[in-house]
Every structure is written in C-alpha cells, then in structure tokens.
C-alpha cells in the first residue's frame, strides 16, 4: 500500500495544542455575575445569574451574551478577572436577536483575546471552550472537541430562532454562555451561547464574524 501520504496523529499532540490554547487565552476570559429583580404579580425577588465573557479591548470592553446580562435588565453586573480582581460592569450595547452584548468596566491595559476568521472554519477542526460551566467554583474550565457543524439553526421558542451557528461537541454548560470558542491557534472563533439539553455534545456558538 502507498504510505506516502500517511498522517500520524498522536494524542499527545492534541493535548499539547489544547494546553497551549488555554495558556494563551485564559487571561482574556472573565466571569460575569448578575443580580436582577424579577417581579411576579405583587412580589419581587432577586435572581442571581452567572456567565462568561471575553475581553475585546484593553480599555475595558468585554463581549458576552445578551442573555447573560439579562438582556440589559440586570440591576448589578460584576466582572471577575483571572487575577482575582472584580469590577462593576455596565452594558453599553446589546442585541437580543443576536444574543450579544458589550459590557464596559473601568480599567486599562487588560489582556485582549486574539480573533480568528469564523468564515474559514472547517468541520473537524479542533475547538476549545473556556468558561464557568456550573458557577464560579468551576471558573475558567477548559473543554475541547471539534467543529461538528456550521450554519446551524436552533429554535429559541415558538417565535424566535438563532441562525448561522457553529456546532461543537466541546462541552458547553450553563455558565459557559458568553465565553469564547477558540481554534487551535488560540483565536476566538465564536461566542458560546446554547446547548441542546436533550442530547450530549450539542453545543452552539455565535460566529465571531457576526459579532
């Protein structure tokens, strides 16, 4: 048999790639906590939320999901940085139809993520997700998988749907929302947004070129 084009892939190389991506990107990923007042008829209660975000500008601009910040209904937003610092955040832009929002904190010289081109993605590429999957006790959890599909559409409810999504089998859970999906170069290619709870390995991200 012709072995001239044989490609040998070792598990070790894969792990090294994910480790390198995590090291490169970890500082630009933040945790986001929110407090929102919800009114039920005559009662009011405060609901706490948690998600992730990625620093896109060193002057304090952070990209996340609109639903992470309560579609701008949160009373209080706190941003938690990799070095343990906490800052108050303010929503300066949000679009529920895209499920994207920009949060601003009062800071300078923040570590900024590198950005890739989501239009050039190929099915089967390595995908790495970083976020807070189940709350702050698991903050900056790294999971890896592949790009499983492109241009996916998922229904949000009977009226709305999200289109042109990246599908990945990298584990995405509540709290991962708003965190980055990264390629093998450690570049942000998407913003993690949803998981279909009825199936395993069905996570979705908004392509970074849309953002």
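Laboratory data are not the source of any read-out in this text; all were calculated from the coordinates shown. Computed from a predicted structure; not experimentally measured. All Cβ positions, even for glycine, are placed from backbone atoms using ideal geometry, and neighbour counts span all protein chains on display.
Let me know the Kirkwood hydrodynamic radius for the stretch 114-207, please, with Cα pairs as the basis and the value in Å to one decimal. After inverting the mean inverse Cα-Cα distance, the result is 13.0 Å. Could you tell me the center-to-center distance, by alpha carbons, between the stretch 151-185 and the stretch 94-111 in angstrom? Here the two parts' Cα centres lie 18 Å apart. As a proxy for reagent exposure, ranking 115, 41, 204 by other Cβ atoms within 10 Å from fewest up yields 41, 115, 204.
Distance between the modelled labels on residue 108 and residue 76, one decimal in nanometres: 2.8 nm (7 Å Cα→Cβ projection). Derived from the Cα gyration tensor, the three semi-axes of the equivalent ellipsoid of the chain are 31, 20, 15 Å, largest first. Can you give the log10 of the normalised intensity I(q)/I(0) at q = 0.13, 0.17, 0.18, 0.20 Å⁻¹, computed with Debye over equal Cα scatterers of the stretch 99-168? For the requested q values the scattering log ratios are -0.60, -0.98, -1.07, -1.19.
Computed over the Cα atoms, what is the radius of gyration of the stretch 26-105 divided by 2.2 N^0.38 Å, N being its residue count?
Dividing the Cα Rg of the stretch 26-105 by 2.2 N^0.38 Å gives 1.10.
If the segment from residue 45 to residue 150 were pulled out straight at 0.36 nm per residue, it would be longer than the present Cα-Cα gap by 33.8 nm. If both residues of a DSSP beta bridge must be in the chain, then about 95% of such bridges are antiparallel. Once the Cα-Cα distance is subtracted from the 0.36 nm per residue extended length, the residue 185 to residue 98 segment shows a gain of 28.8 nm. Between residue 16 and residue 123, the distance separating the two model label sites (each 7 Å from Cα on the Cα→Cβ line) works out to 3.0 nm. Our summary gives the chain a relative contact order of 20 percent, counting only alpha carbon pairs under 8 angstrom and 6 or more residues apart.
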